1. Over the heavy atoms of Glu356, what accessible area does a 1.4 Å probe trace out, to the nearest 10 Å²?
2. Considering only protein heavy atoms, what is the solvent-accessible area of Thr157 at a probe of 1.4 Å, reported in Å² to the nearest 10?
3. Order Tyr46, Tyr115, Tyr199 by their accessible area, 1.4 angstrom probe, all chains in place, largest first.
4. Would you kindly find the accessible area of Ile213, with a 1.4 Å probe and non-protein molecules such as ligands, DNA and RNA excluded, rounding to the nearest 10 Å²?
Amino acid sequence: MDPLHFLPAWPPAATPLGWIAVLLLAAIVAGESVRRYLRASRVIGYLAVGALLGPAAGGFIDNGTAGQLRIFVDIAVGMLLFELGQRVDLSWLRRNPSLLAASVLEAALTFMLVYLAMGWFGIGPVTAAAAALLAVATSPAVVMTVIKDMRAQGQVTERVMLFTALNTAYAVTGLALMVGLLDYESERPLTTMILHPLYLVAGSAVLAGVLAIVMLSLLRLFGRRPAFQFSATVALVLLTVAAATMLNLSVPLTLLLLGVFGRLFDYERHFVSMKFGETAMLFIVLLFALAGASLQFSGWMAALPLALVFVGARLIGKALPILLLSNASGLALRKSSLVSLGLTPMSGLSLLMLHEMMRQSPSLAAEIGAAMFLAITILAFAGPLAVELALRRAGEA
């Protein structure tokens with residue numbers, strides 16, 4: 001028998017828990033350093049650490065480990081989408097219908113311009129539509145995190161959050177409907193093309209509605225204690241992710257609808273204002289670090305022209321309708337321009353949507369995968385700076 005059998009194997013094998021600790025600590029230090037020394041958003045530090053440690057760069061965190069850490073991404077995205085859904089004030093849209101008009105036109109023009117830009121590069125109709133749908137989404141994680149980080153309040157802040165919530169709703173609903181076109185691209189039966197998207201949308205809505213009723217019943221029974229509500233909400237988010245995954249439904253759409261229904265069905269206002277505190281920030285840090293680790297850096301030079309055209313068309317599509325309807329919506333032109341600037345970010349949600357599209361249609365990865373990863377990378381790092389600049393110029397930070 002080896003007399004030193006009690007010593008660990010060499011080299012020691014890191015466990016997933018060890019990588020969580022390393023990634024979390026490195027991201028927190030990088031985020032604080034970026035905030036202190038560069039006066040920029042902590043989100044950039046979180047993303048940079050993930051990108052440096054991820055499989056595309058340093059390789060310290062491989063794809064297998066990143067997959068094992070996926071549960072933390074689900075928790076973070078779930079809490080953010082739920083809170084975003086809770087913040088959608090539909091009565092505001094009824095009082096000021098030009099806001100809804102601006103949001104719909106902004107999403108439609110963004111989709112159209114990106115679709116035409118993709119077609120100009122010779123991209124096929126279905127793949128171009130997939131890229132255009134990605135362009136509609138604004139990263140709720142970046143917007144919510146920067147707003148919390150800066151403690152921003154005001155008209156620009158509220159409109160950026162509202163448009164982000166609506167864009168997220170359009171994008172995740174569009175992704176569920178887009179599955180039918182991706183089934184067509186993969187030459188699946190006509191029945192599948194029709195029933196698959198209907199199942200995703202209707203099933204996600206029914207599941208979200210049932211779980212919202214369960215959540216509100218618990219709150220009605222046990223009261224408004226914030227600690228209980230936080231624990232119950234996190235548990236419901238995890239249950240939503242598990243149930244939607246088990247039933248092959250759209251996880252982002254179900255989570256967003258859970259927040260929306262939780263607000264709509266809460267007639268007696270049992271829910272206190274849900275503000276996830278420092279504990280939830282650990283999940284948010286991991287979300288951005290793992291989003292950074294998911295970025296890919298190969299084939300950038302060939303993909304650069306398409307990525308830049310995508311970014312340009314997206315920025316124009318989001319700015320024009322908001323600026324044109326600024327007076328009708330009751331906001332000065334200058335502040336409307338800041339609202340459009342605040343819609344710049346793309347990050348974790350877009351990556352999740354892109355991976356889902358590529359899983360449904362492998363040919364999409366070969367046609368535009370590299371360009372979309374590059375565009376998301378550009379906007380993932382530029383987005384937090386744009387939101388922070390918009391909020392500071394608006395005087396709401």
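The values are calculated or read from the model by the stated rules, or taken from the named source; none is laboratory data. Being a predicted model, the structure only gives us computed values, none of them experimental. Calculation scope for accessible area: heavy atoms of the full protein, side chains included, ligands and nucleic acids excluded. Shrake-Rupley method; radii C 1.70, N 1.55, O 1.52, S 1.80 Å.
1. Counting only protein heavy atoms, the figure is 60 Å².
2. It works out to around 0 Å².
3. The residues order as Tyr199, Tyr115, Tyr46, largest area first.
4. Ile213 exposes around 100 Å² with every protein chain in place.
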